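Colleague: Dropping a structure here in structure tokens format, bear with me for questions.
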Amino acid sequence: MWMSELSARSGVPVATVKYYLREGLLPAGQATGATRAVYGEEHVRRLRLIRALVDVGGLRLAEVRRVVEAVDDETSSLHDVLGVAQAALTPDLPEPTAESRARVDALLRRLRWKVSDQSVNRVALARALDAMADAGDPLRADALEDYARTLLGLAEAEVPTIDTSSREVAVRQTVVRTVLVEPILLTLRRMAHEHVSQRSLSRRRR
């Protein structure tokens, strides 16, 4: 397809397509002349990935580049590539306390979960535990483990549905689901709280 069709198929303006080509985020097309080239489905997939990273994930160009480079690294497993994408979506966080770090480590050992020592999610969870402690309502260890076991079932249902036909598609789905499904889960949790509260607390006056 010509660049105009590539733009229409991907929803990315021609000027932006040219910019991604100059930046090396999009591989060059097959040259058909001094100033013309044709493009294939792999270019459509790459542009849709970049669009998801920028428009949905809110990533900056340097972060997009890290994800794209991971996608193109054939020595990395798809698991590792998805980890890079999730890490890019996680904001930089202050270092958590040693106590919360230890709680996270102990939880993962009890559950026998395979989570990288370098995972940003370890830091994010430890910081969240610190925040609860600072608010005067620390989360009990048994409650934390209950949450983890409940969410394991969700992950076991979700991960097999990722389309692994290409790395671009798998990463795009991961980005979209991470950013857009998490608010759905949060809202459903709040609605469940409202339901349970209505049953058990609505008649209490004090």
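None of the figures in this text is laboratory data; all of them are computed from the coordinates on show. None of the values given here were measured: they were computed from a predicted structure. Cβ placement follows ideal geometry from the backbone for every residue including glycine, while neighbour counts extend to all protein chains displayed.
Colleague: Kindly evaluate Thr178 against the criterion of being under 28 Å from Pro94 (Cβ atoms) and either surrounded by 11 or more Cβ atoms within 10 Å (Cβ to Cβ) or touching a residue at least 24 places away in the same chain (Cβ under 8 Å) (or both).
Modeller: It is true that Thr178 is under 28 Å from Pro94 (Cβ atoms) and either surrounded by 11 or more Cβ atoms within 10 Å (Cβ to Cβ) or touching a residue at least 24 places away in the same chain (Cβ under 8 Å) (or both).
Colleague: Here is a list of conditions, (1) farther than 22 Å from Arg122 by Cβ; (2) touching a residue at least 40 places away in the same chain (Cβ under 8 Å), and Val67 meets all of them except one; can you say which number that is?
Modeller: Exception for Val67: condition (1).
Colleague: Ok, one more. Before we move on, is Arg60 of a type in the set (Lys, Arg) and without any contact (Cβ under 8 Å) to a residue 24 or more places away in the chain?
Modeller: When the stated conditions are applied, Arg60 passes them.
Colleague: Next question. State all residues of region 84-117 that are surrounded by 13 or more Cβ atoms within 10 Å (Cβ to Cβ) and farther than 18 Å from Ala131 by Cβ; if no residue qualifies, say none.
Modeller: The answer is Val84, Ala85, Gln86, Ala87, Ala88, Leu89, Asp105, Ala106, Leu108, Leu111, Val115.
Colleague: Quick one: in region 132-175, of everything that is without any contact (Cβ under 8 Å) to a residue 40 or more places away in the chain and among the polar types (S, T, N, Q), which residue is nearest to Ser77 (Cα to Cα)?
Modeller: Step by step, filter region 132-175, then rank; the result is Ser165.
Colleague: Hey, any hits in region 161-169 for a residue that's surrounded by 10 or more Cβ atoms within 10 Å (Cβ to Cβ) and among the aliphatic types (A, V, I, L, M)?
Modeller: Checked region 161-169: at least one residue is surrounded by 10 or more Cβ atoms within 10 Å (Cβ to Cβ) and among the aliphatic types (A, V, I, L, M).
Colleague: Within region 13-43, how many residues are assigned to a helix (DSSP H, G or I), more than 24 Å from Leu89 (Cα to Cα) and of a type outside the set (D, E, K, R)?
Modeller: 2
Colleague: Could you look through region 39-51, keep only residues that are hydrophobic (A, V, I, L, M, F, W, C) and surrounded by 21 or more Cβ atoms within 10 Å (Cβ to Cβ), and pick out the one that is nearest to Glu5 (Cα to Cα)?
Modeller: Selected residue: Leu47.
Colleague: Still on this structure: Report, by residue number, each residue of region 37-68 that is over 16 Å from the mean Cα position of the chain (by Cα) and of a type in the set (Asp, Glu).
Modeller: Glu41, Glu42
Colleague: Given (1) surrounded by fewer than 15 Cβ atoms within 10 Å (Cβ to Cβ); (2) over 22 Å from Ala62 (Cβ atoms); (3) of a type in the set (Lys, Arg), where does Arg9 come up short, assuming only one miss?
Modeller: Answer for Arg9: the failing condition is (1).
Colleague: Continuing with the same structure: I need a count of the residues in region 23-42 that are among the hydroxyl-bearing types (Ser, Thr, Tyr) and either more than 19 Å from Ala8 (Cα to Cα) or without any contact (Cβ under 8 Å) to a residue 12 or more places away in the chain (or both).
Modeller: Residues that pass the stated criteria total 2.
Colleague: Let me ask another. Consider Val56 against the criteria (1) crowded, with 18+ Cβ neighbours inside 10 Å; (2) within 28 Å of Val159 (Cβ to Cβ): it satisfies all of them except one. Which criterion is unmet?
Modeller: Going through (1) crowded, with 18+ Cβ neighbours inside 10 Å; (2) within 28 Å of Val159 (Cβ to Cβ) one by one, Val56 breaks only (1).
Colleague: Restricting to region 110-125, give me the number of residues that are over 20 Å from Leu93 (Cβ atoms) and either among the aliphatic types (A, V, I, L, M) or touching a residue at least 40 places away in the same chain (Cβ under 8 Å) (or both).
Modeller: Within region 110-125, residues that are over 20 Å from Leu93 (Cβ atoms) and either among the aliphatic types (A, V, I, L, M) or touching a residue at least 40 places away in the same chain (Cβ under 8 Å) (or both) number 1.
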